[in-house]
Amino acid sequence: MRLEPHLTQRLVKTLLWTLTGFTLLILIFIIADIAVKGLPQVTPAFLTQDSHDMGRAGGIFPTIVATAYITLLAIVLASPLGVGTAIYLTEYTREGWATRIIRFGSECLAGVPSIILGLFGFVLFVLKLGFGWSVLSGGLTLAIMVLPIIIRTSEEAIKAVPQDYRTACYSLGMSQWQTVTHIVLPSALPGITTGIMLSIGRSLGETAVLLFTAGAALRTPVSVFDSGRTMAVHFYILAREGLSMPNAYGTAAVLVISILLINLCAYTLMQRMMKRYS
Amino acid sequence: MPNPVPVLREPQGSSPATTRLLPRAAAARVRGATRRPGLALIVALMVLLGALLGAGGCNSSSQTTSRPLCIAGSTSVQPFAEKLAEVYMHRRPAIRIDVQGGGSSAGIYAATRGAADLGASSRELLGDEKKLVEIPIAFDGIVVIVHPSNPLTTITLAEIRQIFSGAVNNWSDLRLPPHAIHLITREEGSGTREAFEHLVMDKQEITPAALVQDSNGSVREIVAGDPHSVGYISAGLVDDRVKALAIDGVLPTRENIKTHAYKLTRRFLLVGRAEPAGPSKDFVDFVLGPDGQGILETEGLVGVK
Amino acid sequence: MHREKFIERVLLLLALSSVGSLALITIFIFLEGFPLILSAGLKNFILSSHWAPTKGHFGILAMIISSVLVTLGAMVIGVPLGLSCAIVLAEFSPPRLKMVLKPTLELLAGIPSVVYGFLGVIWLVPLIRNYLGGPGLSLLAASIILGIMILPTVISISIDALTAVPDPYRDGSLALGATRWQTVSRVVLPAARSGIITAIILGMGRAIGETMAVIMVAGNALQIPTSILDPVRTLTSNIALELGYAAGRHREALFATGIVLFIIIMVLNLSATLITRRR
């Protein structure tokens, strides 16, 4: 028996819209639960005070510092590598086996699960190189994690810069490197920034990597050899050990809101850049 | 001579027309082209990184004053060590202490290798490890916990062994309303698990059907939420959301743990490669002194002094 | 000329960083884990489910099976939801709604996995325990949480695949008198097939590699599950649970677990890349 096509379409459309609505509801539920239970905890004191009593009391200041420190280190290490790779792939070479290997490597790297990266960082940086559980070990491992994100977005951004710009530069007698640094990179900057912001967002939410490379000392890290507990790790420990539900929700709220804001900025930047050059 | 423009896809175009193709800002940049603008930035970053790397740390061999004292090991000891470190650092702001988890074996290993100044262990030293200097800091009971709604109040060692080996898997075998027992154990390598196996299991293996959690806190959270569950945790972490069972009629009270009348009693140790000296001696003295022992007692452990 | 050549060399070096990192990761994981597979024997390693590393038993069969089951479960939940969203957004929704909904759904990707795990423990686990039985921490809970977590991957790649289908395909079909749904199901979906398969494979990779959320909701028991309400331990959670404590052969065994996981992920990535390239 065959249903009349328009009836089928109606049924299918209802089903699809229901499932879409359901997905949206899940998203709204997640955000609402965190916001409703977490936001009341987020006071200026919560953000600026030291943690006490294993995180049961006090604020989350040390974890904010550790998060910023580790993320900054990762970005400082990964950006030159990522942007350099993107410049090489787009400006300095033709498509060939070299680019194919590099692209493939970066795609595979993007697929490596964070626990594997954690294992790797643990054995190389923490044990073999003797950096211990530290901001440095965490930053180095995170840098490897975000490298593919920066490469991919930078490459797209550089490709989006109109060819005419380059032609104009060459016709003015500029060298290729001058063209890259004076025209291509500045024009692609919004896109590159997008990649960096997405990387920051990814770093903020990462737990598995940092638990095994940066450790979990609940103390404001000073040197790069100090261990640091990031917000995500702090939240994991608070929630898992049942130390303090209010503080866990508060930390989650700060974490989720900062990630969403950063991703939102990244998204708008990218949209603007795409609009300008398309 | 190689072409200076190797990937130019549109080589045509004349200069007066092409300058107009550039956005005004970009054109300005072309006119003001200075040499190596990125170089200064890269140098600055490297200097910054060098400065950060030179600052010393937990595992570096440099003996600067800023070097933190590193304590690593048992997750059972970790919360207490963190609390001790917090109070201690408040008193001696010049000294910094890093407390890491990782488990008893890892802590002992770290202390053997010198990666940590002090290892924290919730089990006794075995074999080669006995070469290390051990400092008992507290007694702890391993407490078998159930949900508060569970009518059970006491249990025998043999019954615990049967439950955890999987021989008994229904509450009806313990004269309770029938329901499957939800077992929660700790992961392989945990000092609490090793102590539990040593004190209770008598060479039998814990059943693979048991849920496995990687900390005392998470075992307690699950038992607090599940009326049919049973698990074991450190006495210091028992709170009113779970019920501690008496073993062979003996409750895990402070007194019973101190006198070892409660059977599942173990020691918490700090271990080091040599007799502690300098900051680590000062910290150990603090832990063993009245203040440190007082903190451990308030946190639910039983002091050694 | 020298300067340009020098710069090109430097850039090439930078560009090799990602390949280099990948090589380093592979080398280190294999170096640390392979000796154990050799000494324990491949058969005892992947065909036994007796895992008691401190007592010399290193079988990970139960974890391989659990990882596969959890991933399949995540697919069963995530793929229909994700594809529906993608189809609705790409084909049936007014453009303005799409402009709002697409970034909103992509925001799901930014929520950290620990938050998913936490909400799973708070909301989902008690529901399963009270209404379906068992301890609640289970194969089912892990599948549902992972199913939700892979949605952003599945949705955004599928939408891209659907929008990449040229409009003349749709116009042609509609002109022949087909309804929009007939057009979508008979013309657009087949045309976007390889992209959608890529989306599903990458979603699988995400699910099988996820650690923190799984460790929180799966229960981590060592048995081969017999029901969806049984607690399970995946390859990833085995590593994360025990890594901190492990020393000697035990640690090697965890790296060996990592090798198995790594190979599975690489096979998935490779097939995704191949499918995308063929397109």
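The values are calculated or read from the model by the stated rules, or taken from the named source; none is laboratory data. The shown structure was predicted, so the numbers you read here are calculated from the model rather than taken from an experiment. Every residue, glycine as well, gets a Cβ built from its backbone with ideal geometry; the counts of neighbours run over all protein chains shown. The protein model used for the area step is the full one, side chains on, heavy atoms only, and it has no ligands, DNA or RNA in it. Shrake-Rupley method; radii C 1.70, N 1.55, O 1.52, S 1.80 Å.
Between a residue in the range C:235-256 that is of a type in the set (Phe, Trp, Tyr) and any residue that is not in a loop (DSSP other than H, G, I, E, B), which pairs come within a Cβ distance under 6 Å, given they are 6 or more apart or on different chains?
From residues that are of a type in the set (Phe, Trp, Tyr), the pairs are C:245/B:105; C:245/B:106; C:255/C:29; C:255/C:32; C:255/C:33.
When only residues in the range A:143-167 that are open to solvent by less than 10 Å² (accessible area, probe 1.4 Å) and under 16 Å from residue A:274 (Cα atoms) count, which is farthest from the other protein chains (Cβ to nearest Cβ)?
A:157
Which condition number does residue A:135 fail, the rest of (1) over 19 Å from the mean Cα position of the chain (by Cα); (2) open to solvent by less than 10 Å² (accessible area, probe 1.4 Å); (3) more than 11 Å from chain C (Cβ to nearest Cβ); (4) of a type in the set (A, V, I, L, M) being met?
Here residue A:135 meets the rest and fails (1).
Are any residues in the range A:81-116 over 30 Å from residue C:113 (Cα atoms), in a helix (DSSP H, G or I), open to solvent by 20 Å² or more (accessible area, probe 1.4 Å) and more than 7 Å from chain C (Cβ to nearest Cβ), and if so, which ones?
Those that are over 30 Å from residue C:113 (Cα atoms), in a helix (DSSP H, G or I), open to solvent by 20 Å² or more (accessible area, probe 1.4 Å) and more than 7 Å from chain C (Cβ to nearest Cβ): A:97, A:98, A:100.
Determine whether the range C:203-212 contains at least one residue that is of a type in the set (S, T, N, Q), in contact with an Asp or Glu (Cβ under 9 Å, 6 or more places away or on another chain) and surrounded by 24 or more Cβ atoms within 10 Å (Cβ to Cβ).
No; the residues of the range C:203-212 include none that is of a type in the set (S, T, N, Q), in contact with an Asp or Glu (Cβ under 9 Å, 6 or more places away or on another chain) and surrounded by 24 or more Cβ atoms within 10 Å (Cβ to Cβ).
What are the residues in the range A:206-230 that are open to solvent by 10 Å² or more (accessible area, probe 1.4 Å) and either part of a helix (DSSP H, G or I) or at positive phi (or both), if any?
A:211, A:212 - these are the residues of the range A:206-230 that are open to solvent by 10 Å² or more (accessible area, probe 1.4 Å) and either part of a helix (DSSP H, G or I) or at positive phi (or both).
Okay, residues lined up against (1) assigned to a helix (DSSP H, G or I); (2) of a type outside the set (Val, Ile, Thr); (3) under 30 Å from residue B:205 (Cα atoms); (4) touching a residue at least 40 places away in the same chain (Cβ under 8 Å):
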position	(1), (2), (3), (4)
C:36	yes, yes, yes, yes
C:44	yes, yes, yes, no
C:66	yes, yes, yes, yes
C:84	yes, yes, no, no
C:104	yes, no, no, no
C:108	yes, yes, no, yes
C:115	yes, no, no, no
C:126	yes, yes, yes, no
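Can you tell me which residue is nearest to residue C:248 (Cα to Cα) among those in the range B:161-197 that are open to solvent by 50 Å² or more (accessible area, probe 1.4 Å) and part of a loop (DSSP other than H, G, I, E, B)?
Looking at residues that are open to solvent by 50 Å² or more (accessible area, probe 1.4 Å) and part of a loop (DSSP other than H, G, I, E, B), I get B:167.
For the range B:210-228, indicate whether the set of residues that are farther than 30 Å from residue A:216 by Cα, out of contact with any Asp or Glu (no Cβ under 6 Å at 6 or more places or on another chain), away from chain A (no Cβ under 14 Å) and surrounded by 19 or more Cβ atoms within 10 Å (Cβ to Cβ) is non-empty.
Checking the range B:210-228: at least one residue is farther than 30 Å from residue A:216 by Cα, out of contact with any Asp or Glu (no Cβ under 6 Å at 6 or more places or on another chain), away from chain A (no Cβ under 14 Å) and surrounded by 19 or more Cβ atoms within 10 Å (Cβ to Cβ).
May I ask you to verify whether residue B:287 is open to solvent by less than 20 Å² (accessible area, probe 1.4 Å), in the same structural domain as residue B:126 (by TED's automatic domain parsing), outside any loop (DSSP other than H, G, I, E, B) and not aromatic (Phe, Trp, Tyr)?
yes
Considering only the range A:23-32, I want to know if a residue exists there that is of a type in the set (A, V, I, L, M, F, W, C), more than 23 Å from the chain's Cα centre (by Cα) and more than 9 Å from chain C (Cβ to nearest Cβ).
yes
Somewhere in the range A:247-255, is a residue open to solvent by less than 10 Å² (accessible area, probe 1.4 Å), under 25 Å from residue B:107 (Cα atoms) and within 14 Å of chain B (Cβ to nearest Cβ)?
The answer is no, given that none of the residues of the range A:247-255 is open to solvent by less than 10 Å² (accessible area, probe 1.4 Å), under 25 Å from residue B:107 (Cα atoms) and within 14 Å of chain B (Cβ to nearest Cβ).
Within the range B:75-103, which residues are more than 9 Å from every other protein chain (Cβ to nearest Cβ) and either touching a Ser or Thr at 6+ places or on another chain (Cβ under 7 Å) or assigned to a loop (DSSP other than H, G, I, E, B) (or both)?
Of everything in the range B:75-103, those that are more than 9 Å from every other protein chain (Cβ to nearest Cβ) and either touching a Ser or Thr at 6+ places or on another chain (Cβ under 7 Å) or assigned to a loop (DSSP other than H, G, I, E, B) (or both) turn out to be B:76, B:77, B:92, B:93, B:94, B:95.
Considering only the range C:224-279, state which residues are under 22 Å from residue B:194 (Cα atoms), among the charged types (D, E, K, R) and within 9 Å of another protein chain (Cβ to nearest Cβ).
Hits for the range C:224-279 are C:233, C:242, C:251.
Somewhere in the range C:134-153, is a residue polar (S, T, N, Q), in contact with a helix residue (DSSP H, G or I) (Cβ under 9 Å, 6 or more places away or on another chain) and open to solvent by 20 Å² or more (accessible area, probe 1.4 Å)?
Within the range C:134-153, one or more residues are polar (S, T, N, Q), in contact with a helix residue (DSSP H, G or I) (Cβ under 9 Å, 6 or more places away or on another chain) and open to solvent by 20 Å² or more (accessible area, probe 1.4 Å).
Given the criteria more than 9 Å from chain A (Cβ to nearest Cβ), open to solvent by 40 Å² or more (accessible area, probe 1.4 Å), farther than 30 Å from residue B:217 by Cβ and within 21 Å of the chain's Cα centre (by Cα), does residue C:197 qualify?
The answer is yes for residue C:197.
All but one of (1) modelled with pLDDT under 90; (2) assigned by TED's automatic domain parsing to the domain that holds residue B:176 hold for residue B:242; which doesn't?
(1)
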